[in-house]
1. Residues to consider are 204, 168; find the one that is surrounded by 15 or more Cβ atoms within 10 Å (Cβ to Cβ) and within 22 Å of the chain's Cα centre (by Cα).
2. Does residue 59 count as under 24 Å from residue 130 (Cβ atoms) and either open to solvent by 60 Å² or more (accessible area, probe 1.4 Å) or modelled with pLDDT under 55 (or both)?
3. Name the strands (runs of 3 or more DSSP E) wholly inside region 327-443 in which the number of residues that are among the hydroxyl-bearing types (Ser, Thr, Tyr) is 2 or more.
4. For region 253-326, list the strands (runs of 3 or more DSSP E) that sit wholly inside it and hold at least 2 residues that are under 23 Å from residue 165 (Cβ atoms) and among the aromatic types (Phe, Trp, Tyr); which are they?
5. Could you grab me the full set of residues in region 138-167 that are in a helix (DSSP H, G or I), of a type in the set (Ser, Thr, Tyr) and either modelled with pLDDT under 90 or closer than 17 Å to residue 348 by Cα (or both)?
6. I need the full set of residues from region 339-371 which are β-branched (Val, Ile, Thr) and under 26 Å from residue 139 (Cα atoms), in order please.
7. Give all pairs with beta carbons closer than 6 Å in which a residue from region 299-327 that is within 21 Å of residue 193 (Cα to Cα) meets a residue that is part of a loop (DSSP other than H, G, I, E, B) and polar (S, T, N, Q); count only pairs at least 6 apart in sequence or on separate chains.
8. Would you pick out the residues in region 233-256 that are of a type in the set (Asp, Glu) and surrounded by fewer than 18 Cβ atoms within 10 Å (Cβ to Cβ)?
Amino acid sequence: MITFVSEKILLTNIIPMKKIMLIIIACLWITISFAQEEKSDNVKTGWTFGALPAIAYDTDLGFKYGALVNLFYYGDGSTYPKYLHSIYYELSTTTKGSTLSKFYYDSDQLLKNYYLRLTASFNYIRDRAFDFYGFNGYNSVYIPEYAITDSDEYLTRMFYRLERARTNVSIDFQGAITDKNFRWIGGFGYFNYALGSVDIDRLNKGKEEDEMLPSVNEVPGLWEKYCDWNVIPEAEQNGGSFDLFKAGLVYDTRDNEANPNRGLWTEAIISASTGLLGSFDKGFSKITLTHRQYFTLWKNRLTFAYRVGYQQTLSGTSPHYFEPYMASSWPGSAYSEGLGGGRSLRGILRNRVVGNGTGYANIELRYKVFKTVLLNQNLYIALSPFMDMGQVFVPYDINTDNVPAAIKDDWFTTEEGLHTAAGLGIYVALNENFILAVNHGRALDKRDGTAGTYINIGFLF
């Protein structure tokens, strides 16, 4: 049996819906075509293997291409749909040079007589056009016309972008306290960030003269302005590196991790950098609180789910480039950063809500409209209307003293409020653990953008 699992296949709102549907159909056809019968009762045993091409397109980043592979081990099938071991690797790039390399291993079989779960991960993400909208939500003025080519105020499509590379490795453990539902968390990670202006020459390759982007010297973007004004401290403008230790508690009663119908999943995590390893030597700590709960309204058909979370700096000052990072007990997504985008606030600009203390909520109804067994594979289709919201409650302390007084009010305000979006998700699930998700969300305030369409793997939470 082949299952396909990817943390992110596509994140764009520029691809026509017909092409999106073709991608979905192709993925499902390959999945079913390679399916192998393992048990007549549809309980999976042994190893299952999946491989999938990673394909997407963006006007400025070019075509994304690559591959991913995921192996699940179910043993004798007595724990199905819960796996015993999971190994995942993805490597993808684009014709303009953006790259993702992601690996993780997850298993709770290290000590079978005492619950101990190991999750190891490695991520390398080089983003040639990383979203940057400033700090503190609405406190940073967003003018979309600056990046819209047919606008009278157009400056450059890269106005709200910078180039960023992030490398991080982590090893996390979870162990039972009273039972495997109530667990402790401990882990260590190392992060390295490299920052700079967008490589305009690379993005201009192959473009007609009237489509070329202006250089950042001619037309500086928001990132360059913040650097010139020293809103971004000079010591942090090129990035940096640091260690990160993690400790916390988890209470988890979900009936199925990939597709919960009932139960709750609550965690409290403290992440701290000592300042002893890496170039960022100041040290800091953060607390992250996340609560998720699932209610069965109609058995095997309708589930109500919600997630609320809050993260705040406890001590010290973290580097500005780490502020978007959202800590979690599970490293399943390489893009767990910032509020806004396909993994937090769907329909709102990615990284729009960044601050020292941020809170958010996601609310969903998950309705399985169709269930069947196809070629010995358990399949269902679900619809899920949703609402997402987030806000900065504690602002990130930035220095605006060097911003010319005559234009300061054009770039910074004292206003912040609730960022809200709503939309609909469509999910196609095979054998419970593979869940292809298509979400379309629309921002309810134009200061957060307009809309976003996302094709991912798995439910948001």
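The values are calculated or read from the model by the stated rules, or taken from the named source; none is laboratory data. None of these values were measured; they are calculated from a predicted model. Cβ atoms come from the backbone with ideal geometry, glycine included; neighbour counts cover every protein chain shown. For accessibility, only protein heavy atoms count, side chains too; no ligands or nucleic acids. Shrake-Rupley method; radii C 1.70, N 1.55, O 1.52, S 1.80 Å.
1. Just a single option satisfies the conditions, and that option is 168.
2. yes
3. In region 327-443, 357-374, 377-394, 419-430 are the strands (runs of 3 or more DSSP E) which contain 2 or more residues that are among the hydroxyl-bearing types (Ser, Thr, Tyr).
4. none
5. 138, the sole residue that qualifies.
6. Within region 339-371, 348, 353, 354, 358, 363 qualify.
7. Qualifying pairs under 6 Å: 313/356; 324/351; 326/336.
8. Answer for region 233-256, where residues must be of a type in the set (Asp, Glu) and surrounded by fewer than 18 Cβ atoms within 10 Å (Cβ to Cβ): 234, 236, 243, 255.
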